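Before any comments, here is the structure.
The values are calculated or read from the model by the stated rules, or taken from the named source; none is laboratory data. Bear in mind that the values here come from a model prediction, so they are computed numbers and not experimental data. FYI the Cβ positions are ideal-geometry reconstructions off the backbone, even for glycines, and counts take in every protein chain you see. Keep in mind that these areas ignore ligands, DNA and RNA; they rest on the heavy atoms of the full protein, side chains included. Shrake-Rupley method; radii C 1.70, N 1.55, O 1.52, S 1.80 Å.
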Amino acid sequence: MGVDEIYDLLKKYRENTCTPEERERIVRWYRQQDDEVEQLPEILRKKLEQLWYSIERKMRGRERSLFFSYAAMLIIMFSVGGGIFYLAKEKRGNHPVETVHQDLLPAKGVVMLQLSDGRSIPLTGTAIIKERGGQVIENDSAKVLDYTGVREKEVEPVYNKITVPTGGEYLVLLSDGSRVRLNSCSSLRYPVVFTGENRTVELEGEAYFEVEKSVHPFFVKTSNVNVRVTGTTFNVSDYADDSRVTTTLVEGQVVVNKRDQEETYVLEPGLTFKYKKDNGKIKIRTEDPELYVSWMRGKFKFENMRLEDIVCKLNRWYDCNVEYADDTLRDLRFSGAAEKDRPASYLLEMIETVTDVKFDVSGKKIRISRK
């Protein structure tokens, strides 16, 4: 069955205009294991994404059962524009599926910009912001803060700080043309105009950097590590409540070291630097960069990740409170992917369907237990 035909059938299914024969074809498509299934994420993905969420909630009884049995059998899960998870190294029991009945939507906080004189300005729309000395900073409704038009007027650097709340992201164009995309619950302190021999910014949380090449090295400082580059693309994550600090290189080259040590580590593309905070151990591994940069493409992506760490990431997006009925649940590991713009219930239902974990949502609270 071709991709266009699949799309048309799914659309008819959503609109309740399928014939019995067409409904059966959809079931057969979910069950089949062929090349066209593998191609779907690349072909007409956006069109299919628009349909999946509403269709998934209608999947009940035999059709839903057949689809998820097929998905559980494959282990490497697939869905149209959504996320299906599996429990690593454990078999699914024959428990009835219990779904989450409440929707927990992405949080909608306000991004704040702190100027050098201490003023805090909410970045809620298109605006022209004036710094000390009349320097002009542009902000627009596309969530972009632009310093590229600012010109050097002072010998001493003037600093700004942007803070992104739960459920938010923001792009900062620094004065040298470098691009910094900040993830939720993150902040960046930086000079309005770079002066001197070095370009230095201070990060709390997570950001994706695309640094313009220059003879002046670019430094990213966090509470735990320093990252030195001249022009490259990389991701840095150092949240206070995470157990690890990670730096993932996409293009170019970076040099990383702990803040309290002189020993340096050189990263080539595809390498990830990991520093574990509790014991100080450092590991450098070859990993798929998408695991670390998928957040800026609108996705949650996990590979063999602890449930507690997954929930921590979700909390930064949905602003929820989590309670574990059994502490052993924290160490269960999952792999999978899901779109970030969907309600949390969608993702949680996917996990429930193929594992023994149960989520009870009440307002902003999520209680995690076994079925």
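Annotations for the structure displayed:
- Being of a type in the set (A, V, I, L, M, F, W, C), surrounded by fewer than 17 Cβ atoms within 10 Å (Cβ to Cβ) and under 17 Å from C185 (Cα atoms) holds for only one residue in A240, A325, and it is A240.
- From the list D278, D241, D288, the one residue that fits, being in contact (Cβ under 8 Å) with a residue 40 or more places away in the chain and not small (G, A, S), is D241.
- The residues in the stretch 167-191 that are within 13 Å of L145 (Cα to Cα), in a loop (DSSP other than H, G, I, E, B) and open to solvent by less than 20 Å² (accessible area, probe 1.4 Å) can be counted, and the count is 2.
- Identity of the residue in the stretch 192-207, among the β-branched types (V, I, T) and open to solvent by less than 10 Å² (accessible area, probe 1.4 Å), that ends up farthest from N235 (Cα to Cα): V192
- Residue match in the stretch 331-352 (condition: at pLDDT 85 or above, in a helix (DSSP H, G or I) and open to solvent by 50 Å² or more (accessible area, probe 1.4 Å)): yes
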